[in-house]
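Asks: This is the structure I want to talk about, given as structure tokens.
Read the figures in this text as sums done on the coordinates, not as results from a lab. On a predicted model such as this, the values are computed, not experimentally measured, just so you know. Here Cβ is always computed from backbone atoms with ideal geometry, including for glycine, and neighbour counts include all displayed protein chains.
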Amino acid sequence: MSGLRIVACVNTPSPWSLAARALFDYKQLPYQLGEQIIADENRDLKAWTGQNSAPVVAYRSSSYQEKIATTAEAITLLAERLEPRRPLIPSDPQQRAWMFGLLQALAGEDGFGWNRRLMSLSMAGVDKLPDNIRSMALKYDYSDSLAAVAEQRVAEILQLFSQTLEQQQARGSDFLVGDALTALDLYFAIFIGIMYRPLSDKYLPIPSAMRAGYELPSELLDAAIQPNIYTHRDRIFQQFLTPFMAY
Ligand SMILES: N[C@@H](CCC(=O)N[C@@H](CS)C(=O)NCC(=O)O)C(=O)O
């Protein structure tokens, strides 16, 4: 197929997939949706893209040029290129670099989502997991030693976001970077909304086993979080994301 296509996790509210879709929805760019089945081989996806995770954002502009984006950074850049009139990347070079750095800390390897996933897999006990979930854990670098430091890493990142919001508020901005909405605010609301003390089912229906893992409170994380984390999540959700997110 040509044009814009997004392969997203089905039957599971995956923050990576929902945030990628949110960018293109915000930009009002229509796309063809494809399915990734969580913890499945997803053979066709692997044959096509060389990996079997979601999201994959694909854009074919001609028979010899197809862009395949799988990371938050690449997906954000592609969205901006396809519809620059509703910008989600700051034009100021310093702000732009800061936004991509924070986006990496939130959604990239060894970031907030990555380490929350290691925490939830280790709580479930990796040896007791079904084979397909264990394979997924290994794909995302699971090891007992990395799981042991995951909570500390998540706490550091939450502190970074709390401090950033505090600084932004002090200079009169309601957004994480600069003075306008960026891709980072959308990613932030969705990642925080799902992966720690998740939003209620009214806003984001989350299967009960997954919800239970992310609802488990942590003293260390609660100590790292200021209320501005939740206030910002709710404001971005209400103003810029559909109140009810389907997946
Ligand atoms: N490719 C992304 C990571 C995306 C990711 O972590 N996807 C997960 C979201 S839960 C996924 O597809 N899991 C389902 C699976 O692996 O079957 C990146 O490099 O940042």
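Asks: In what sequence do Met123, Met245 fall when counting other Cβ within 10 Å, fewest first?
Replies: Sorted ascending by nearby Cβ count, the order is Met123, Met245.
Asks: Related question: Could you give me the ³J(HN,Hα) list for the range 214-221, computed from phi with Karplus coefficients 6.51, -1.76, 1.60 and θ = phi - 60°, whole Hz, x at Gly and Pro?
Replies: Rounded to whole hertz, the list is 8, 8, 4, x, 10, 4, 5, 5.
Asks: If you don't mind, another one. What are the residues whose amide H is under 5 Å from the amide H of Gly34, where those residues sit 5 or more places off or on another chain and H is modelled from the backbone?
Replies: Answer set, sorted by chain and number: Ile6, Val7, Ala8.
Asks: To continue, here is another question. Taking 0.36 nm per intervening residue step and subtracting the Cα-Cα distance, what contour gain separates Ala246 from Ile37 on full extension?
Replies: Working: separation 209, 0.36 × 209 = 75.24 nm, distance 1.57 nm.
Residue separation times 0.36 nm, minus the Cα-Cα distance, leaves 73.7 nm.
Asks: Could you work out the helix-only [θ] at 222 nm for the chain, with each DSSP H run of four or more residues adding -39,500 (n - 2.57) and the total divided by the number of residues, to the nearest 500 deg cm²/dmol?
Replies: The helix contribution divided over the chain gives -17000 deg cm²/dmol.
Asks: I'd like the FRET efficiency for Ser91 and Arg60, computed as 1/(1 + (r/R0)^6) with the beta carbon distance as r and R0 of 25 Å, rounded to 0.05.
Replies: Computed FRET efficiency for Ser91 and Arg60 comes out at 0.35.
Asks: Report the gain in length on full extension from Met1 to Gln104: 0.36 nm times residue separation, minus Cα-Cα distance, nm rounded to one decimal. Can you show the working numbers first?
Replies: Working: separation 103, 0.36 × 103 = 37.08 nm, distance 3.02 nm.
Gain on extension, Met1 to Gln104, equals 34.1 nm.
Asks: Take Phe240, Phe24 and order them by how many other Cβ atoms sit within 10 Å, fewest up front.
Replies: Placing the least packed residue first, the sequence is Phe240, Phe24.
Asks: Check the chain and count each lysine pair with an alpha-carbon distance under 24 angstrom, considering only pairs eight or more places apart or from different chains.
Replies: So the count works out to 5.
Asks: Turning to a different aspect of this structure: Can you put Asp179, Asp127, Asp144 in order, fewest other beta carbons within 10 Å first? Present the calculation step by step, with values, prior to reporting the outcome.
Replies: On the way: Asp179 13, Asp127 6, Asp144 9.
Going from least to most buried by this count: Asp127, Asp144, Asp179.
Asks: Now for a separate question. Set the Förster radius R0 to 30 Å, insert the Cβ-Cβ distance between Gln239 and Leu146 as r into 1/(1 + (r/R0)^6), and round the FRET efficiency to 0.05.
Replies: So, using R0 = 30 Å, E works out to roughly 0.25.
Asks: Same structure again: Cα centroids of the range 88-106 and the range 22-80: how far apart, whole angstrom?
Replies: 21 Å
Asks: Determine the relative contact order of the range 1-56: mean sequence separation of Cα pairs under 8 Å and six or more apart, normalised by residue count, in whole percent.
Replies: 47 percent
Asks: Pick out, from Gly34, Ala58, Ala72, the residue whose Cα sits farthest towards the positive end of the charge dipole of the range 3-82, with +1 on the Cβ of Lys and Arg and -1 on the Cβ of Asp and Glu.
Replies: Looking along the dipole axis, the top candidate is Ala58.
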